[in-house]
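J.: Before we start, here is the structure in question, set down as structure tokens.
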Amino acid sequence: MRMLPAGFTAARAMAGLALLALTGGALAQSTAGTVEFSVGQASIRASSGLERPAARGAAIVPGDTVETQSGRVQLRMIDGAFISLQPQTSLQVQSYSLATAGVEERGFLSLLRGGLRTVTGLIGRQKRDSYRLGTTAGTLGIRGTEFAVTTGEGTRVNVTEGIVALCTEAGCVDIGAGQSGFAPDNKTRPGLAFVPARLPPLAAPLAVPFMVAEVRDSSGTSLVAAEAIRSGAETPQTPPQVPDTIPIGNGPGGFSVASVKLPGGSFSAGLLGSTLTSNGAGLVTQAIDCCVPSNSFGSGVSTDFGADGIIAWGRWSSGTRGGGPLLTANYVAALSISGVSSGTTPSIVRAYASFASTAPIITSGDVIVATGAPNSVSGTLNVNFPNWSSGGGTLSYSLSIPVAGQTFSINGNAVQLGTGTSFLGTSSTITSTGLGCSSGCSGNIPFGNALQGFITGPTATRAGANYGFTSNLGQVTGAVVFQ
């Protein structure tokens, strides 16, 4: 057995074995890969429209679409990549070739529906542009990696190893190992997400072991040249039940709300000390003000919310304020905003980046005239609180808000509100790529210009804010959280 240099990874060894097989004439260059195994109902549809069974050993050529109904299929590609297709999945192989004289390396795939897991091979490791996986809501590029992806109502990606770039027409986000990303559609900028891509668990009768080859490095240590793709080759296990959101819990905390709409009027904003109640799904359902009953919120109902155990965000579509009916309200909430947490250094000097948001909305009177996409707002906070217990801190912020076919941009400054970690905007510049600010946009959060919020979490790891401003289309509001 040939000795491999130290640092030669299992994935690279796997890809190298596939390349050696090619040079020995095992596969023709026009072949993109083969079916490693197939269980249940699955087929291969050629570009001509003719279908053939997705039987073990069947060749896959560019132009083929592999389709699973009730079954699963695992593909071994010519560069050593493995692709495990889940039930109800359709994957089109557009172009797949190794670099040879006169031929560029290329791996262009399209996930038309369903989900897959993959360990990528040689293609794309040196030239990132050589590998592309398209979906209905975006495109994925890789830097040598293992990931899972689903498409349907948007595209969700989980990365196990390496980095995946999830891109749409509005921009890209890099997703690292242990992270998840989401793109609701191809017009919205993607972002990091807490809700992972969920693939169906493997039923026991479908357990099929991967082929394993023994390779040894220069020290004689055995390497596994082909690893099991987690959904198709391991001993079946009950997958962990990962909640969409993680409740922040119940108790005294802080509640920041913006542009609360009441029938016939409005309550524009508030930074309130409240006793919070959240349900098992992560929605804050109640915020009881300590001293002013008219500032208490209850019976909150919404499908646009999230939480990560430290901070919560959402937009109520109904509920009550002060006992009266509520039409809509954006909020961010946490159990501690006055002192962050015990053991936190008094100085908070750091940059935060957004990781989730409510869907931005535009209201006119009591009517919502436009709604954006959840997790579409992106932005940064640059905080300089030399001593949050003494006051005098400042911060700058920048937000990008896509809604109503255009993107609003806010750049401004804010100050620490007394002592503690709450902040209020003092100045802002608001522009739009469309006509939304043709007559000028201005912040409409009282005393806070266009932004208000707080910092929270162990060692100040989270921040949350509401934004609100007037435009030609109406009042633009939402909530965004940072880490």
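J.: Through the Karplus equation 6.51 cos²θ - 1.76 cosθ + 1.60, θ set to phi - 60°, convert the phi angles of region 311-325 into ³J(HN,Hα) values in whole Hz; use x for Gly and Pro.
T.: Whole-Hz 3J(HN,Hα) from phi for region 311-325: 9, 10, 8, x, 9, 6, 9, 6, x, 9, 9, x, x, x, x.
J.: Would you pull out the residues with amide H under 5 Å of A370's amide H, same chain only if 5 or more places away, H placed 1.01 Å from N?
T.: Close amide H contacts, sequence-distant or interchain: I362.
J.: Using the scaling law 2.2 N^0.38 Å as the reference, what is the normalised Cα Rg of region 363-483?
T.: 1.07
J.: Continuing with the same structure: Measure off 7 Å from each Cα along the Cα-to-Cβ vector at A46 and N250, then give the distance between these two points in nanometres to one decimal.
T.: For the pair A46/N250, the computed spacing is 6.5 nm.
J.: Sticking with this structure for a sec: S428 accessible area, nearest 10 Å², 1.4 Å probe?
T.: 40 Å²
J.: Let me ask something additional. In square angstrom, rounded to the nearest 10, how much accessible surface does D129 have for a 1.4 Å probe?
T.: 140 Å²
J.: Oh, and also: Give a residue-ordered list of calculated ³J(HN,Hα) values for region 416-421 (Karplus: 6.51 cos²θ - 1.76 cosθ + 1.60, θ = phi - 60°; whole Hz; x for Gly, Pro).
T.: Karplus values, whole Hz, x for Gly and Pro: 5, 8, x, 9, x, 10.
J.: Cβ neighbours within 10 Å, averaged per peptide: list 255-261, 386-392, 273-279 in order, most packed at the top. Don't skip to the end; give the middle numbers.
T.: Details: 255-261: 25.6, 386-392: 14.7, 273-279: 19.9.
By packing density, highest mean first, the sequence is 255-261, 273-279, 386-392.
J.: Rounded to a whole number, what % of the accessible area of region 259-396 do carbon and sulfur atoms account for, probe 1.4 Å? Could the numbers behind the result be given before it?
T.: Working: 2880 of 5150 Å².
Carbon and sulfur: 56 percent of the exposed surface of region 259-396.
J.: Can you list residues from other chains, or at least 5 along the same chain, whose modelled amide H is less than 5 Å from the amide H of I246?
T.: A307, D308, G309
J.: Can you give me the solvent accessible area of Y397 with a 1.4 Å probe, rounded to the nearest 10 Å²?
T.: 10 Å²
J.: Can I ask one more? May I ask you to derive the FRET efficiency for S30 and E169 from their Cβ-Cβ distance with R0 = 25 Å, giving the value to the nearest 0.05?
T.: Working: r = 33 Å, r/R0 = 1.31.
Plugging the Cβ-Cβ distance into 1/(1 + (r/R0)^6) gives 0.15.
J.: Still on this model: Residue-wise, which Karplus ³J(HN,Hα) couplings in Hz belong to region 410-415, taking 6.51 cos²θ - 1.76 cosθ + 1.60, θ = phi - 60°, and x for glycine or proline?
T.: Calculated HN-Hα couplings, in order: 10, 10, x, 10, 9, 10 Hz.
The values are calculated or read from the model by the stated rules, or taken from the named source; none is laboratory data. If you're wondering where the values come from, they're calculated on a predicted model, not measured in any experiment. For neighbour counting, all protein chains shown are included, and Cβ atoms are generated from backbone atoms with ideal geometry for every residue, glycine included. Accessible surface is based on the protein model in full, side chains and every heavy atom, while ligands, DNA and RNA are left aside. Shrake-Rupley method; radii C 1.70, N 1.55, O 1.52, S 1.80 Å.
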